[in-house]
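Enquirer: Pasting a structure below so you can have a look.
None of the figures in this text is laboratory data; all of them are computed from the coordinates on show. Computed from a prediction, not measured in an experiment: that's the story for all the values here. Neighbour counts run over all protein chains shown; Cβ positions are idealised from the backbone, glycine included.
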Amino acid sequence: MDNYRFNIPRFATFYLGLSIGLPVLIYLIRQYVGINLSSGGVSLIPIMLTTLNEGARFVRATGRRPEGREAWKMAGLFALFGVMLSMLLAAVVLVVAPAMLGDLSSLGFGFVAAMVVVMAVVYVLVARVFFGLGARSEARRLP
């Protein structure tokens, strides 16, 4: 990759900001407007927007779109960090406010491990799609 460097602090800040800010925003909308926007898909928005941003940054840094193998490699890297950051956030919530996790804290280790594997696979696929979309969008925008 020519000049593109995966910046972990930037990725983590963007991802964690969305992971914390989005539920707060949804909660405020539900409390003050009365509309409940929460769903299972909301948990994918941080990885979607973060990898979309990284795709655009890749094109700005290299002047080209990522190739197939390269895009999959980056998607795997983004998914790895996304899953790790999500698990870190869940651990913090478990320690600070265990009631927020509800029944999840009583599930067995095997079930939680299986959920993490499924989450990782979904994150790789979502990261690949949105990394490519961000790159394509930025490539069209550039002269």
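Enquirer: Pairs of alpha-carbon atoms within less than 8 angstrom and 6+ residues apart define the contacts here; what relative contact order does the chain have, in percent? Could the numbers behind the result be given before it?
Expert: On the way: 128 pairs, mean separation 53.3, N = 143.
Relative contact order of the chain: 37 percent.
Enquirer: May I pose another question? Using a 10 Å Cβ count of at most 15 others and DSSP loop calls, identify the longest part of the chain lacking such trypsin sites (Lys or Arg not before Pro). Provide the component values of the computation, followed by the final result.
Expert: Working: sites that count: R5, R64.
With trypsin sites (Lys or Arg not before Pro) excluded where exposed in loops, the chain gives 65-143 as its longest stretch.
Enquirer: Pop out the Kirkwood hydrodynamic radius of segment 18-61 from its pairwise C-alpha distances, inverse of mean 1/r, in Å to one decimal. Spell out each step's value before the answer.
Expert: Details: mean 1/r = 0.0852 Å⁻¹.
Hydrodynamic radius (Kirkwood, Cα pairs) of segment 18-61 is 11.7 Å.
Enquirer: What full-extension length gain, to one decimal in nm, is calculated for K73 and L94 as 0.36 nm per residue of separation minus the Cα-Cα distance? Mind showing how you got there, number by number?
Expert: Details: separation 21, 0.36 × 21 = 7.56 nm, distance 3.15 nm.
Fully extending the segment from K73 to L94 adds 4.4 nm.
Enquirer: Using the number of other C-beta atoms within 10 angstrom as an exposure proxy, rank T51, T13 with the fewest first. Display every interim value, and only then the final one.
Expert: Numbers: T51 29, T13 12.
Fewest to most other Cβ atoms nearby, the residues stand as T13, T51.
Enquirer: Quick one: compute the contact order of segment 1-56, relative version, from alpha carbon pairs under 8 angstrom and 6+ residues apart, as a percent. Display every interim value, and only then the final one.
Expert: Working: 21 pairs, mean separation 20.6, N = 56.
For segment 1-56, the relative contact order is 37 percent.
Enquirer: Plugging the Kirkwood radius over Cα pairs into Stokes-Einstein for segment 1-126, at a temperature of 37 °C and a viscosity of 0.692 mPa s, what D comes out in µm²/s?
Expert: Working: Rh = 16.2 Å.
Answer from the Stokes-Einstein relation: 203 µm²/s.
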